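The values are calculated or read from the model by the stated rules, or taken from the named source; none is laboratory data. The shown structure was predicted, so the numbers you read here are calculated from the model rather than taken from an experiment. Note: ideal-geometry Cβ built from the backbone for every residue, glycine included; neighbour counts use all protein chains shown. Ligands, DNA and RNA are excluded from the accessible area calculation, which covers all protein heavy atoms including side chains. Shrake-Rupley method; radii C 1.70, N 1.55, O 1.52, S 1.80 Å.
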Amino acid sequence: MSITSLRAGIIGTGFIAPVHIEALRRLGVQVTAVCGSTANAQATADKWGIPEIYGNYDYRAMYASPNVDVVHITSPNKLHVEQALAALAAGKHVVCEKPLGMNAKETARVVKAAAKAKTVLAVNYNCRFFPAILQMRAAVQRGDLGRIIHVQGHFFQDWLLKDTDYNWRVLASEGGKLRAVGDIGTHWIDAVSFILGAQVESVFAKLETFHKRRKRPRGEVKTFAKVDPKTMVSYPVDTEDFASVLLRYDNGVHANAAISQVAAGWKCSLALGIYGSEASMRWDLQQPNEIYVGRRDEPNQILQRGTPGFLEDVAHFTDYPGGHPEGFPDSHKMHYRAIYEHIASGRKTPLLFATAPDGHHEVKICEAVLKSAAVGKWVTVS
Ligand SMILES: NC(=O)c1ccc[n+]([C@@H]2O[C@H](COP(=O)([O-])OP(=O)(O)OC[C@H]3O[C@@H](n4cnc5c(N)ncnc54)[C@H](O)[C@@H]3O)[C@@H](O)[C@H]2O)c1
């Protein structure tokens, strides 16, 4: 079966939904249905030429469509588990946005359902599919860096720097109790786990809420939308703006990461360095086509995507030659290529994408981070 014979239905019409739609279109996958508020589902269908429209957030009606094979869940976090469980029960494949759910108790239900299902469930940790991340993973697996000693990095953004910056993620009831770590820190943790081929075993965390109160508009706001501050109301903030996290992996590697959504000037900097006994590799999502290789006794190098030294391990997940940058939208495209090929092959291709157990583990890490910040001690990921 070719991936172009699979048909996708999208739940949600906000910031990330069009990223899914566009990536699928670039792969030749048909997007046959969209579900959201009645007005937004209609507008999205009009814009992208999607034939089936499911308003009133009626995802169950979309699941009844015979023209949808794979459901993409791009709704807010608190809806993921309910919508994923119903999709599996309806016999659909699922690509669920991260996080998989709001707490480990509910994501454990998805793990169980996904294990029984005949269909595939993937969690959208798309950062795995930047060619540089795949390249670093291959280098670590081959032993190019020697024995891995430690990992260091950050995920910094500034879109919530001001107290008038609002999004549903700021509210624990909508996005989960951990915001910066849950929303972007988990991308960092997942990418590092993927590169190392190891799982986080324990964490030590310090959380900081810079704005104890923020102002918000009265209605729903699309991510990154601007609103007039004069129309806003004040509310207490129950999620963190910043986190400093130490992580111990089950292969003995130690990592530390700073996570912030109030770091002026940083738009989307997921930066990490893998330090080994022979060499190190550093990468930043804001310069996604280059890896910096550090050596003590030889000159350092910059590896460029699409040139020798970068190509062979990642050839299937990069489409453009060197000098023609690939970035965030391409990582989604490559991620869906891996998922759809896995489905189309009858699960025969390598399982590179994050599955329900991976999504569940990320939620357990978040719970351990919260607990560690509360008790001021190392906490084992249960
Ligand atoms: N992988 C990534 O890089 C990435 C990036 C951004 C967001 N995300 C994830 O995607 C999800 C959505 O984030 P966003 O930034 O697009 O948010 P958003 O607020 O811009 O969009 C959310 C959409 O969900 C819709 N929605 C609300 N209630 C719904 C319901 N009951 N049923 C169906 N749809 C409903 C809203 O109308 C809106 O269209 C989040 O879980 C977020 O963590 C992932």
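Remarks
- Only one of V262, V181 that is open to solvent by less than 20 Å² (accessible area, probe 1.4 Å) and at pLDDT 95 or above: V181
- Of the strands (runs of 3 or more DSSP E) contained entirely in region 185-272, those carrying at least 2 residues that are assigned by TED's automatic domain parsing to the domain that holds V151 and more than 21 Å from D284 (Cβ to Cβ) fall at 200-208, 213-216, 233-236, 242-249.
- Restricting attention to region 44-59, the residues that are in a helix (DSSP H, G or I) and in contact with a Ser or Thr (Cβ under 7 Å, 6 or more places away or on another chain) total 1.
- Of all residues in region 43-59 being touching a helix residue (DSSP H, G or I) at 6+ places or on another chain (Cβ under 8 Å) and among the hydrophobic types (A, V, I, L, M, F, W, C), the one that is surrounded by the most Cβ atoms within 10 Å (Cβ to Cβ): I50
- Filter result for A41 (within 13 Å of the ligand (Cβ to nearest atom) and in a helix (DSSP H, G or I)): yes
- E174 being in a helix (DSSP H, G or I), charged (D, E, K, R) and modelled with pLDDT under 95: yes
- Residue that is most open to solvent (accessible area, probe 1.4 Å), among those in region 273-307 that are part of a loop (DSSP other than H, G, I, E, B) and in contact with a Lys or Arg (Cβ under 6 Å, 6 or more places away or on another chain): S277
- Test: residue in region 307-316 that is over 22 Å from I133 (Cβ atoms), among the hydrophobic types (A, V, I, L, M, F, W, C) and out of contact with any helix residue (DSSP H, G or I) (no Cβ under 6 Å at 6 or more places or on another chain): no
- Within region 18-45, residues that are without any contact (Cβ under 8 Å) to a residue 24 or more places away in the chain reach partners that are open to solvent by 60 Å² or more (accessible area, probe 1.4 Å) with beta carbons closer than 7 Å, at six or more positions or on different chains, in the pairs T38/N56; Q42/I53; A45/I53.
- Residues that are open to solvent by 20 Å² or more (accessible area, probe 1.4 Å) and within 12 Å of A180 (Cβ to Cβ), drawn from region 238-257: F242, S244
- Close pairs (7 angstrom Cβ cut-off, 6 or more residues apart or separate chains): in the same structural domain as G252 (by TED's automatic domain parsing) in region 138-152, at pLDDT below 95 and open to solvent by 30 Å² or more (accessible area, probe 1.4 Å) anywhere: A138/D313
- Residues that are open to solvent by less than 10 Å² (accessible area, probe 1.4 Å) and either β-branched (V, I, T) or under 16 Å from A338 (Cα atoms) (or both), drawn from region 12-30: H20, I21, A23, L24, V29
- Residue match in region 206-215 (condition: within 16 Å of the ligand (Cβ to nearest atom) and surrounded by 17 or more Cβ atoms within 10 Å (Cβ to Cβ)): no
- Taken together, H150, H154 contain a single residue that is open to solvent by 20 Å² or more (accessible area, probe 1.4 Å), closer than 19 Å to F328 by Cβ and either part of a strand (DSSP E or B) or touching a Pro at 6+ places or on another chain (Cβ under 7 Å) (or both), which is H154.
- Candidates I302, I291, filtered to the one that is at pLDDT 95 or above and under 30 Å from V381 (Cβ atoms): I291
- Which numbered condition N40 fails, given (1) open to solvent by 40 Å² or more (accessible area, probe 1.4 Å); (2) under 26 Å from D319 (Cα atoms): (2)
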